Amino acid sequence: MRSETVRLSDVGAQDAQAWRGLSSDAVEPNPYFDVDFLRTTHRRLRPDVDPWVVLVRDDDGLCGVLPYVQRRSRTGVVVRSTGPPLGSTVVDLQTPLLRRGRHLEASREILAEVGRGVHGAPVVVIVEQQRLDGPAWDGLVAAVGGSNVLVRHRGERGAVLPAHGSADSGPVDRPASGPPVAIDATMLGHLSGSRRKSLNRSLSGLARDVGRVTWSDRSDDPQAIVDFIALEQRGWKGDVARGGEGVATRPDGARWLAEVTDGLRDAGELFVGELRAGDVTVFSTIDLRAGDRWFGMRDAYDERFSRFGVGNLGRLSEIRHMEQSGLQFDSSANPQTYPQASALYPGRLPVGKIVYGANAAGRAALRIARTLERARAAVRR
């Protein structure tokens with residue numbers, strides 16, 4: 001294997017095409033590290049940042065990709081991070097792209113490459129959000145050594161993890177649309193009885209006061225993205241003073257979302273679902289696909305109907321259709337930020353912030369940091 005580190009802006013057409021293939025065929029697909037997603041994101045949201053990208057190849061082509069940004073700490077440690085400003089604030093998963101069957105070797109080569117070029121300075125890698133199970137995690141632990149990996153902010157993201165079925169069987173594999181929404185025990189068995197009753201009361205109240213509740217697929221309609229932005233902007237996500245980070249609150253944010261979803265739509269990797277009560281859209285979600293999995297990208301609800309819990313009803317409708325279609329779905333919701341929303345999902349994906357040393361000096365720096373943390377914790381006790 002061989003590796004190199006280049007700027008995102010310097011990735012050529014041939015490597016970009018190979019990167020697209022790897023995004024779909026990775027041992028753990030990650031749509032947020034797709035080359036077109038990152039290029040559009042940095043062109044529209046963070047044009048001031050040109051990330052570094054580790055590219056790993058073997059004789060059969062590209063087998064590993066890890067983008068990162070770099071800074072140097074006050075203590076001289078080189079920090080290479082997959083967090084902001086990489087991907088602005090819209091990258092919800094930072095698992096590296098690793099080819100099936102070569103993920104262990106590619107992980108080792110990424111580790112070696114990311115630790116180079118610092119003239120002996122300690123190098124520490126921070127992965128803001130990665131799954132803590134599966135082949136990509138196994139590759140990292142095998143490359144670094146389990147004792148050299150620090151995991152912080154552990155949590156569980158909500159997910160749909162079907163016992164059988166795959167999303168990799170053709171264009172029909174996206175949630176269906178049209179039927180009235182019905183919440184039954186088969187889709188809520190993981191919730192308490194009181195929570196099920198509360199959700200059913202909300203659904204009944206919404207249908208009674210507003211209109212028949214249905215779930216619709218607008219994936220093929222570009223106007224759905226315009227409508228989504230308007231819905232998001234009317235709520236708290238559109239109000240910066242309330243902590244909102246809706247796309248329209250950012251310069252060029254609306255153009256970013258339109259361009260990203262146009263590309264996904266053309267590739268058959270976009271789902272836009274709407275929960276409607278009568279003629280009113282009360283919830284909308286945008287999901288994107290990579291390989292055999294779907295990922296929640298953004299959602300919004302109409303705050304005029306918040307008394308009915310339309311955000312939860314919309315997510316449950318999405319869950320039902322993912323389950324009925326046998327699709328695997330990662331909600332992408334940060335469990336620390338959205339604990340109640342994460343609890344709605346029947347499956348769980350362990351995630352966390354990962355810190356590891358990419359060279360011997362970096363691993364030594366982490367051991368010192370861990371010792372200091374333990375000492376401070378002992379003092380506080």
Q. On a 0 to 90 degree scale, rounded to 10, what angle separates helix 360-380 from the longest Cα axis of the chain?
A. 60
Q) Most fluctuating residue of Arg255, Arg20, Arg370 in a GNM of the chain with Cα springs under 10 Å: which is it? A) Arg370
Q. Using the heavy atoms of the protein chains alone and a 1.4 angstrom probe, what is the accessible area of the stretch 263-303 per residue in square angstrom?
A. 27
(Q) Only four residue types carry charge here, +1 at the Cβ of Lys and Arg and -1 at the Cβ of Asp and Glu. Report the dipole size of the chain about the Cα centre in Debye, rounded to the nearest 20. (A) 2060
Q) Using a 1.4 Å probe on the protein chains only, how many percent of the accessible area of the chain belongs to carbon and sulfur? A) 49
Q) Solvent-accessible area per residue for the stretch 2-144 at a 1.4 Å probe radius, Å²? A) 39
Q. Among Val127, Val118, Val90, which one moves the most in a GNM of the chain with springs linking Cα atoms closer than 10 Å?
A. Val118
(Q) Can you give me the solvent accessible area of Ile126 with a 1.4 Å probe, rounded to the nearest 10 Å²? (A) 20
(Q) Can you tell me how the stretch 1-141 classifies by the Cα gyration tensor, rounded, prolate or oblate, using a/c under 1.5 as the rounded cut? (A) rounded
Q: Taking only Cα atoms and a 10 Å spring cutoff, compute GNM fluctuations for the chain and point out the largest among Ala258, Ala369, Ala361.
A: Ala369
Q. What's the angle, to the nearest 10 degrees (0 to 90), between helix 310-324's Cα axis and the longest principal axis of the chain?
A. 80
Q. If ligands, DNA and RNA are left out, what is the accessible area of Lys197 with a 1.4 Å probe, given in Å² to the nearest 10?
A. 130
(Q) Nearest 10 degrees is fine. How inclined is helix 13-25 to the longest principal axis of the chain, computing both from alpha carbons? (A) 60
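The values are calculated or read from the model by the stated rules, or taken from the named source; none is laboratory data. Remember, predicted model here, so these are calculated numbers, not experimental data. When we count neighbours, we look across all protein chains shown, and the Cβ atoms used for this are built from the backbone with ideal geometry, even at glycine. The protein model used for the area step is the full one, side chains on, heavy atoms only, and it has no ligands, DNA or RNA in it. Shrake-Rupley method; radii C 1.70, N 1.55, O 1.52, S 1.80 Å.
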